[in-house]
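Notes follow once the structure below has been shown.
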Amino acid sequence: MSRYQPPFSITPAILNLVVEIGELLGHWSAQTGRQSPLLRKENRIRTIQASLAIEHNSLTTGQVTALVEGKRVLAPAKDIQEVRNAILAYERMPQWQRADLSDLLSAHRTLMTGLVDYPGALRQGDVGIYRDQQLIHMAPPASQVPRLMNDLLAWLDQTDLHPLVASSVFHYEFEFIHPFADGNGRMGRLWQTLILSKWRQELAWLPVETLIHNQQERYYTILGQCDKASDCTPFVLFMLENIALALKEGLE
């Protein structure tokens, strides 16, 4: 058994949200099941556009749609590469296993090819996360990253936590470790989606990233609060609130 234990608590609010999301999923699945391929495509496009917009990608949902359909788009080459990589990563997501380090590295390689020097490789240097030139998080030393990632993936493989909670805890811990030189934000969001989709396949198409993009400052603020408190409970709550909100919006 993994002795690694991420710092969080299961609160009444978290339990209530797990129950609420389960109920919403029943309604959402029944409704989206009748509308399928087009709605799934639209949600995937919204997911990709929002996840990359958080990382300052300039492409609109219309431009992402054009790339998905194989059309030409006038935009910075780097932004187009990011979108093409993300389209491919979400297509490949079903073949990756949630607790497999080689699959996680493969996903990073898919997302970051042509964008960084060493896609698919754990970082070799130390990194800090800055917002407006202010250091908001100093990630663990590079020498600790392989052990921390192996411990985190072993925990994910063995935990009996509900996938809604486990995926959110993983997302926070992944961002805390910051295992790559670049691309950690989009990888954390992709991997939470992957974990959720292994539980309920329809969650592969839920555009939670759109809601995070709309609350970007709060997303980073809560990550920082959890760092200071050494407790990721507020982040778990934030993610579950957003999943519930995404399902409600999908039912409107």
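For the condition farther than 29 Å from E173 by Cα and of a type in the set (A, V, I, L, M), what is the one hit in A53, A13, A30? Break it down stepwise before answering.
Working: A53 fails: farther than 29 Å from E173 by Cα; A13 fails: farther than 29 Å from E173 by Cα.
Going through A53, A13, A30 in turn, just one is farther than 29 Å from E173 by Cα and of a type in the set (A, V, I, L, M): A30.
So, G114, is that one over 28 Å from I21 (Cβ atoms) and of a type outside the set (S, T, Y) or not?
Judged against the criteria, G114 is a match.
Which fully enclosed helices (runs of 4 or more DSSP H) of the stretch 52-156 have 3 or more residues being surrounded by 13 or more Cβ atoms within 10 Å (Cβ to Cβ), within 15 Å of the chain's Cα centre (by Cα) and touching a residue at least 40 places away in the same chain (Cβ under 8 Å)?
In the stretch 52-156, 77-92, 101-112 are the helices (runs of 4 or more DSSP H) which contain 3 or more residues that are surrounded by 13 or more Cβ atoms within 10 Å (Cβ to Cβ), within 15 Å of the chain's Cα centre (by Cα) and touching a residue at least 40 places away in the same chain (Cβ under 8 Å).
Can you pull out the residues in the stretch 196-252 that are in contact (Cβ under 8 Å) with a residue 40 or more places away in the chain, out of contact with any Phe, Trp or Tyr (no Cβ under 9 Å at 6 or more places or on another chain) and not in a helix (DSSP H, G or I)?
R200, P207, S230
On the given criteria, is R3 surrounded by 14 or more Cβ atoms within 10 Å (Cβ to Cβ) and in a loop (DSSP other than H, G, I, E, B)?
Values: surrounded by 14 or more Cβ atoms within 10 Å (Cβ to Cβ): no; in a loop (DSSP other than H, G, I, E, B): yes.
No, not satisfied.
So, in the stretch 223-237, of the ones that are of a type in the set (A, V, I, L, M, F, W, C) and either in contact with a Gly (Cβ under 7 Å, 6 or more places away or on another chain) or surrounded by fewer than 20 Cβ atoms within 10 Å (Cβ to Cβ) (or both), which residue ends up modelled with the highest pLDDT?
Per the stated criteria, the residue is L237.
The values are calculated or read from the model by the stated rules, or taken from the named source; none is laboratory data. All figures in this text were calculated on a predicted structure; none of them were measured in a lab. Because the Cβ atoms are built from the backbone with ideal geometry, glycine has one as well, and the counts that use them run over all protein chains shown.
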